[in-house]
1. How much length, in nm to one decimal, is gained on full extension between Val114 and Arg14, taken as 0.36 nm per residue of separation minus their Cα-Cα distance?
2. Calculate the spin-label point distance for Arg63 paired with Arg51, positioning each point 7 Å from the Cα along the beta-carbon direction, and give it in nanometres.
3. What FRET efficiency do you get for Glu146 and Val24 if R0 is 45 Å and r is their Cβ-Cβ distance, rounded to the nearest 0.05?
4. Using the beta-carbon distance between Ala37 and Thr163 and R0 = 41 Å, what value does 1/(1 + (r/R0)^6) give for FRET efficiency, to the nearest 0.05?
5. Of the candidates Glu146, Glu92, Glu68, which one comes out as most mobile in a Gaussian network treatment of the chain with C-alpha springs shorter than 10 Å?
6. Nothing charged except the Cβ atoms of Lys and Arg (+1) and of Asp and Glu (-1): what's the magnitude of the dipole of the chain about its Cα centre? Round to the nearest 20 debye.
7. On a 0 to 90° scale, report how tilted helix 14-39 is relative to the longest principal axis of the chain, with both axes built from alpha carbons and the result rounded to the nearest 10.
8. Which value in deg cm²/dmol, rounded to the nearest 500, describes the helix-derived mean residue ellipticity at 222 nm for the chain, given -39,500 (n - 2.57) per DSSP H run of n ≥ 4 and division by the residue count?
Amino acid sequence: MTNEHEGRRRGLPRWAWIAAALLVTHTSAMIAAVVIAVEDPSFTTVPDYYRRAVDWDTTQARRAASGELGWASQVAPSALGERLVVTLTDREGRPVVGAVGALTAFHHAATKEVRTVPLEERGDGIYFATLDVGRVGAWQVTVEAERASDELFFHECEVVVHTRGADA
């Protein structure tokens with residue numbers, strides 16, 4: 001007498017192998033996505049987003065006080081891309097001299113790399129912020145400066161770098 005199951009293959013059926021392969025492929029893709037999201041500086045949220053949200057009222061008050069002061073700033077990359085040049089002017093367009101402050105910047109494609117550097121006065125309302133801005137693209141910049149206890153300036157802007165550092 002022969003066993004009627006003798007001709008069948010032993011082990012898992014084909015559909016089980018297909019399901020297992022799909023699960024392994026999906027798991028591998030998810031692990032790769034997590035590794036990329038954690039390691040790549042371009043995959044991140046805006047720096048200090050929660051603190052910035054909590055301090056929104058304070059930031060608006062600073063902007064209003066800065067607006068009443070009447071100062072203006074222009075921020076542009078230097079020719080070699082090794083620094084940002086900040087020009088501060090008062091309400092009448094005269095240069096603001098004697099201010100002390102800092103510049104905070106990050107590239108939109110690398111928001112984890114936030115850099116804060118002091119402003120170095122060069123005279124006639126021109127200040128240098130020495131940091132490498134050789135990466136082409138949009139930079140988010142915040143300028144904070146004060147000349148006296150009642151003269152606090154705060155300005156956020158976007159600076160676009162069109163050429164790469166020393167290649168310019």
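None of the figures in this text is laboratory data; all of them are computed from the coordinates on show. These numbers were taken from a predicted model, which means no experiment stands behind them. Here the Cβ positions follow ideal geometry from the backbone for every residue, glycine too, while neighbour counts run over all protein chains shown.
1. Working: separation 100, 0.36 × 100 = 36.00 nm, distance 5.25 nm.
Here the segment from Val114 to Arg14 would lengthen by 30.7 nm.
2. 1.9
3. Numbers: r = 59 Å, r/R0 = 1.31.
My answer for the efficiency is 0.15.
4. Values: r = 30 Å, r/R0 = 0.74.
Calculated transfer efficiency: 0.85.
5. For the chain, modelled as a Gaussian network with Cα springs under 10 Å, the answer is Glu92.
6. Working: 17 positive and 23 negative charges, 206 e Å.
Here the chain has a charge dipole of around 980 debye.
7. The answer is roughly 20 degrees.
8. On the way: 3 runs with 46 residues, N = 168.
The per-residue figure over the chain is -9000 deg cm²/dmol.
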